Amino acid sequence: MAAVEDGPASRAGLRPGDVVLAVDGQPLRDLVDWMWLTGEPSFDVLVEREGTGMTLSVERTGGEPLGVSFTSAVFDAIRECENACAFCFVSQLPAGLRGSLYVRDDDYRLSFLSGNFITLTNLDEDDVARIVAQHLSPLHVSVHAVDPAVRRRLICPTVEDRALEILDDLLGAGIEAHVQIVLVPGVNDGKVLLETLGYLGAREGVISVGCVPMGYTGHQTRFSASYGPTGARAVLEVIQGVQTRMRADRGVGWVYAADELYLTAGTEMPGVAEYDGFPQFENGIGMVVAFKAELAGALGEAASTEVARHRSTAQDHSIAVVTGELFAPVLQRSLHEAGFGEVRVLPVPNRLFGGNVSVTGLLGGDDIASAVASDGARGTYLVPDVVVNSDGLLLDDVPAASLAGLAGGDVRIIGSDGAALAQALTTRTGRTLP
């Protein structure tokens, strides 16, 4: 257990460090069980404290929060993937990273709790029954293709592939699903993609589909290219055709393309409203549009006018925003449009992963520190916190707190959304928001 705040659990005597074993005699396997079994106004919790078992009686009124958090969402072991997907990103990682990064998570509990995408290929009848009984909905499911031969080529299952059958069972039982399709050029795009989208579109309960291009690192030999401008435009054409039909039938676009496809194609991105509430946001879909809207909204027209009137000098390059190479041109244009054209953008090449990895969230600490040092470490460098995990570490285990020392400059971690950047810029430059 990570923490016990003031509330019903602490009043009952629950303490940080207690190992929670059961609720009302039912053993706990994970956070899902805890949430499921503690919904009543009163219940008994069996805990182990310093090797001794004890039962605590918890009582609460109304929807009073229990005030309990756990060190992990699963109390046994994470269910790992049993496939050998041709494009698996985990299998392409460099050696020497922390062990948790090599875990090929395929756990339906984390799909429900955290939005992780799963293949459904490692589920048995008991798993399906539990998902239905506890109504673990929505789930996040990777489908990639429905053509059997293409699925075998992409997923390379080491067990019987019953995923589509299981998906139908879950949908039929009222479980909804957000679906992901990882696109591999010449394999599951074009007509295969149309077939897959048609199959999914015919199934009630598939509430959104996200199409993302394959990513690859420099630590593998299978791939040397993903989508270029022409290929990306062809994929967008397929997706936009289906979107048009779905919007006419259902009032939502339903299928959405990754930001990377628009940026690669050099095509204008949809407006905020066309993302229908961003159901695939954490899948890298709509982040660019949302960021730009947040930045503009935080500054506002009045702020932009004030900035233009009181800009220090057009040559003031004392602030730089650190980002990945993919987003850098968009960010520079957005800053210019918002009246911060003097603020520089520092694109950081990803040498940790190499390949076509160019998103900000996968930057390592050494790469950021090296880029800042090479830039001359002049002024202030703003680094979005998307590169940092909950332990304060970047992917290569560099502590965020040590970036300034490694880079030899003023490096600051800020929030990753547009509003946070606007606040950081206006504070740093002495400008005020309206």
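The values are calculated or read from the model by the stated rules, or taken from the named source; none is laboratory data. The structure presented is a predicted model; accordingly, all values stated were derived computationally and were not measured. A quick note on method: Cβ atoms are made from the backbone with ideal geometry, for glycine too, and the neighbour counts reach across all protein chains shown. What goes into the accessible areas is simple: the full protein's heavy atoms, side chains included, and nothing from ligands, DNA or RNA. Shrake-Rupley method; radii C 1.70, N 1.55, O 1.52, S 1.80 Å.
Structure notes:
- Each of the peptides 55-61, 323-329, 396-402 was scored by the mean count of other Cβ atoms within 10 Å over its residues; in descending order, highest first, they stand as 323-329, 396-402, 55-61.
- Solvent exposure of the chain amounts to 46 Å² per residue of accessible area, where only protein heavy atoms count and the probe is 1.4 Å.
- Residue-span extension gain [Y102 to E325] - 0.36 nm each, minus C-alpha spacing: 77.8 nm
- Helical runs (DSSP H, four residues minimum) scored at -39500 (n - 2.57) apiece and divided by the length of the chain put the mean residue ellipticity at 222 nm at -10000 deg cm²/dmol.
- With each label modelled as a point 7 angstrom along the Cα→C-beta vector, the S69-R15 pair spans 2.1 nm.
- If you sort the three axes of the alpha carbon gyration tensor as a ≥ b ≥ c, you get a/c of 1.5 or more for segment 323-434 and a/b above b/c, which makes it prolate.
- Virtual paramagnetic centre 7 Å along Cα→Cβ of R245, amide N under 13 Å, in segment 187-218: 191-203
- Distance in nm between pseudo-label sites at S318 and C156 (7 Å out along the Cβ direction from Cα): 5.4 nm
- Burial ranking of peptide ranges 228-237, 45-54 (average Cβ count within 10 Å, highest at the top): 228-237, 45-54
- Cα shape, segment 55-106, gyration tensor, a/c 1.5 rule: prolate
- Positive minus negative residues near L28 (Lys, Arg vs Asp, Glu; Cβ under 14 Å): -4
- Shape class of segment 134-189 from the Cα gyration tensor (axes a ≥ b ≥ c, square roots of the eigenvalues): prolate, since a/c reaches 1.5 or more and a/b is larger than b/c.
- Taking the chain, the Cys residues with no second Cys beta-carbon under 4.7 angstrom are C81, C156, C211.
- Computed FRET value (nearest 0.05) for T427 with E337, which takes r as the C-beta separation and R₀ as 30 Å: 0.90
- Dimensionless Rg/Rh of segment 1-128 - Kirkwood Rh, Rg from C-alpha atoms: 1.05
- Sorting 265-271, 417-423 by their mean Cβ neighbour count within 10 Å, with the most densely packed peptide first, gives 417-423, 265-271.
- Kirkwood Rh and Cα Rg combined as Rg over Rh, evaluated for the chain: 0.99
- The chain - share of DSSP beta bridges that are antiparallel (%, nearest 5): 40 percent
- Each label was represented as a point 7 Å from its Cα along the Cα-to-Cβ direction; for E165 and Q26 these points are 2.9 nm apart.
- In the chain, the portion of solvent-accessible area held by carbon and sulfur atoms comes to 52 percent [1.4 Å probe, whole percent, DNA, RNA and ligands not counted].
- Per-selection Kirkwood Rh - segment 173-242 (Cα, Å, 1 d.p.): 13.4 Å
- Length available on full extension from Q220 to R233: 0.36 nm per residue minus the Cα-Cα distance, which gives 2.0 nm.
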